[in-house]
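Student: What follows is a single structure, and I will ask about it in a moment.
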Amino acid sequence: PLPRQRTEIGGRGMNIVVLGSGGWGTALAMLLEQNRHTVTLWSHDPQKAEQLKLKRENPLLPGVQLPVELQITNDLNCLRNAELVVFAPPSFALRAVAKEAAPYLPLLSVTKGIERGTHLRMSQVIAQETGGEHPIAVLSGPSHAEEVARAMPTGVVAASNRAETAELVQRVFTNERFRVYTHDDMV
């Protein structure tokens, strides 16, 4: 493993919750934890959360050990003290998760795809379910969960219609192997 880098916001790491324990959510939670943030990985499935806690390995990322410091839960109360909420559920579940997480901000969408039936982008679904009042950013680019989890070099873009939100995402995620560039084009 690479040496852990300290990424500080206001003199300390942030309290971050990643909603979605699939491969992509798990890989990003690991990256954020390596950047010395306090990270909680949330799974909608209580049994999956327990298995992740016990085995410290996600079956979608075989051979990749989850850091001991990474907190894992299926309780949405983990959002109460979150300074950043990362949405990483599958696209079909995003609307339901966004509705439950509506009071928490700022919000980052890392879920890929378009919602069936509405043809809305995931950031638009989040905006609808959260009342459109919270800052939203989108993290996208040519990246794969298994590559990020195995510390392979990756470049992505954080886009938001608020420059300060895109810059926050850039500061939180960037390290020597994961580069984040900012933009205002969320599409």
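The values are calculated or read from the model by the stated rules, or taken from the named source; none is laboratory data. Because the structure is a prediction, the values reported are computed rather than measured. Glycine also receives a Cβ, built like all others from the backbone with ideal geometry; neighbour counts cover every protein chain displayed. We work out accessible area using only protein heavy atoms, side chains counted, and drop any ligands, DNA or RNA first. Shrake-Rupley method; radii C 1.70, N 1.55, O 1.52, S 1.80 Å.
Student: Taking the Cα centre of the chain as the origin and placing charges on Cβ (Lys, Arg +1; Asp, Glu -1), which of Val18, Ser160, Gly117 is farthest toward the positive end of the dipole?
Tutor: Val18
Student: Which percent of the accessible heavy-atom area of the chain goes to carbon and sulfur, probe 1.4 angstrom?
Tutor: Answer for the chain: carbon and sulfur cover 52 percent of the accessible area.
Student: Calculate, for Arg162 and Lys48, the FRET efficiency according to 1/(1 + (r/R0)^6) with r their C-beta to C-beta distance and R0 41 Å; round to the nearest 0.05. Intermediate results must be reported in sequence, preceding the final value.
Tutor: Numbers: r = 34 Å, r/R0 = 0.82.
My answer for the efficiency is 0.75.
Student: Another question about this same structure. As a check on your grasp of the helix formula, calculate [θ] at 222 nm for the chain: sum -39500 (n - 2.57) over DSSP H runs of n ≥ 4, divide by the residue count, round to the nearest 500. Present the calculation step by step, with values, prior to reporting the outcome.
Tutor: Numbers: 6 runs with 57 residues, N = 187.
Here the helix-only value at 222 nm equals -9000 deg cm²/dmol.
Student: Roughly how many debye, to the nearest 20, is the charge dipole of the chain about its Cα centre, given +1 on each Lys and Arg Cβ, -1 on each Asp and Glu Cβ, and no other charges? Please list the in-between numbers first.
Tutor: Details: 19 positive and 19 negative charges, 60 e Å.
With only Lys, Arg, Asp and Glu charged at Cβ, the dipole is about 280 debye.
Student: So, counting K/R as plus one and D/E as minus one, what does the shell of residues with Cβ under 9 Å around Asn74 add up to? Kindly include the intermediate steps, with their values, before the conclusion.
Tutor: Values: positive: Lys48; negative: Asp45, Glu50, Asp75.
Its environment carries a net charge of -2.
Student: What GluC sites (Glu not before Pro) does the range 18-85 have in DSSP loop regions with at most 14 other beta carbons within 10 Å? All intermediate terms of the calculation are to be shown ahead of the outcome.
Tutor: Values: sites: Glu33, Glu50, Glu57, Glu69, Glu83; in loops: Glu69, Glu83.
Sparse-neighbourhood loop GluC sites (Glu not before Pro): Glu69.
Student: Let me ask something else. Report which label in (i) 13.0; (ii) 9.7; (iii) 11.7 holds the value of mean projected area of the Cα convex hull in nm² derived from the coordinates of this structure.
Tutor: (ii)
Student: Could you report the chain's accessible area per residue, 1.4 Å probe, as an integer in Å²?
Tutor: 49 Å²
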